[in-house]
Amino acid sequence: MTSRSPVRALLVAIAIVVLGVFPLIFSNPTTTSIAVFTLIFMVSASSWNMFSGYSGYIALGHAVYFGVGAYALTLLANHLGFAAGWGVFALVPVAGIIAGLVAIPTGLIALRARRHTFVVITIAWMFIFQLAASNFAFTGGSSGLQPPTPLWSATSYNDHFYYVTAVILVATVVLSWLVRRSRFGLQLFAIRDDEERARGLGVRVGRVKLSAFVLSAIPIGMVGGIYAYFLGQIFPQFAFDPLFDISLALMAFLGGIGTLLGPLFGALLLESLQQYLTQSFSGTGTYLIAYGILFLAVMLLLPRGVVPTIAQLLANRRARATSGVDAAREPAVTGGVAGVAR
């Protein structure tokens, strides 16, 4: 483990450098636009995994917090008189906090149920919020809302959103890593493995689940606000989109649910590919076929997810190499002992 730590640190440093220089190397607005959407889903998938991946409760209602963040930022920016520009990004953490506050009552109700019933309740919450946003006057109804539009140049417009979302991504991954290594994370894993046994061992199951649920909603609310500001408009059917939750689940399962890097890899692969195929073949629907075939192939060939499967292959390779070295050393040791005996 100690010998691999410098390698991991080097890989993390390389990833951060690549993240930082990407818009400088690939400055085409189409490419950076795809990158912004990809980062939004990487944050969302990693945050979703902090609850669903670590606790075993598959939530399909986190579009609620994405939409709440989008509407919170738009409403605050419009009613508080924020001028378009960098100042609106100051509302991104506020949007995340509001999403977290909304997650408290919704989580309290949903987490009273288990497994499949919990999934159904989270889906119901998503449709309730979608219908509410479509009918309330302060949300603009079906006409939606429009946040302030920044007057940045077309060449640099995407870069502002890219770097803000990249900072949130780094913070979310660090938070997920800290949760995994903490006592809180061990309690979540215990709930995932056997909830009743975890309760019997003294884990405050309800409090731990609700804390993780609320924690996972905050980054999603933040990128929901960025999403609204980036597009320049927000509608109920897109803010509270059931496909959003399905996408997060697919990304996590593809990369490896419950792992640190799995949801990041799944989001990076699926969202960037989906955006590219949409822009290239949107008129024919070919992108949907290619998207489905890719996912089906990975699920059939790598049912545990890409990251766990690769990790297992590397572990098996190291084990074979170690056993081979031990087997080569054994005759030499035996021969040496025999010589001493003579």
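A few remarks follow.
- Here the 3J(HN,Hα) profile of region 218-229, calculated from phi with Karplus coefficients 6.51, -1.76 and 1.60 at θ = phi - 60°, is 5, x, 5, x, 5, 6, x, x, 5, 4, 5, 5 Hz, Gly and Pro shown as x.
- The slack in the chain from Val174 to Ile289, taken as 0.36 nm per residue of separation less the alpha-carbon distance, amounts to 37.9 nm.
- Gly258 long-range amide H proximity, modeled H, under 5 Å: Gly53
- Sites count as exposed loop sites when they are chymotrypsin sites (Phe, Trp or Tyr not before Pro), lie in a DSSP loop, and have at most 14 other Cβ atoms within 10 angstrom; the longest stretch of the chain without one is 139-342.
- Annotation for region 172-198 versus region 6-77: alpha-carbon center distance of 21 Å.
- Here the accessible area is traced with a 1.4 Å probe on the protein chains. For region 26-94, carbon and sulfur cover 70 percent of it.
- The loop-placed trypsin sites (Lys or Arg not before Pro) in region 101-185, going by DSSP, that have at most 14 neighbouring Cβ atoms within 10 Å of their Cβ come out as Arg112, Arg114.
- Judged by the ratio a/c of the largest to the smallest principal axis of the C-alpha gyration tensor, region 186-310 counts as oblate, that ratio being 1.5 or greater while a/b is no larger than b/c.
- Cα gyration tensor shape of region 59-190, rounded if a/c is under 1.5, else prolate or oblate by comparing a/b with b/c: oblate
- Computed over the chain, the P(r) tail beyond 28 angstrom holds 48 percent of alpha carbon pairs.
- In Hz, Karplus ³J(HN,Hα) per residue of region 173-186 (6.51, -1.76, 1.60; θ = phi - 60°; x = Gly, Pro): 5, 4, 4, 4, 5, 5, 5, 4, 8, 9, 4, 4, x, 4
- In sequence order, calculated HN-Hα J values of region 116-126 (Karplus, 6.51, -1.76, 1.60; Hz; x Gly/Pro): 5, 5, 4, 4, 5, 5, 5, 5, 4, 4, 4
- Helix 286-301 and the long axis of the chain differ in direction by around 30°, with both axes built from C-alpha atoms.
- For region 85-140: rounded, prolate or oblate by the Cα gyration tensor [a/c cutoff 1.5]: oblate
- Normalised radius of gyration (Cα atoms, divided by 2.2 N^0.38 Å) for region 119-204: 1.75.
- Counting only protein heavy atoms and a probe of 1.4 Å, the accessible surface of region 180-233 is 49% carbon and sulfur.
- Stretchable slack from Thr30 to Val167, in nm (0.36 nm times residue separation minus alpha-carbon distance): 47.2 nm
- The mean accessible area for residues of the chain, using a 1.4 Å probe and ignoring ligands and nucleic acids, is 50 Å² per residue.
The values are calculated or read from the model by the stated rules, or taken from the named source; none is laboratory data. Being a predicted model, the structure only gives us computed values, none of them experimental. Please note: Cβ atoms are built from the backbone with ideal geometry, for glycine as well, and neighbour counts cover all protein chains shown. Note: areas computed on protein heavy atoms with side chains; ligands, DNA, RNA excluded. Shrake-Rupley method; radii C 1.70, N 1.55, O 1.52, S 1.80 Å.
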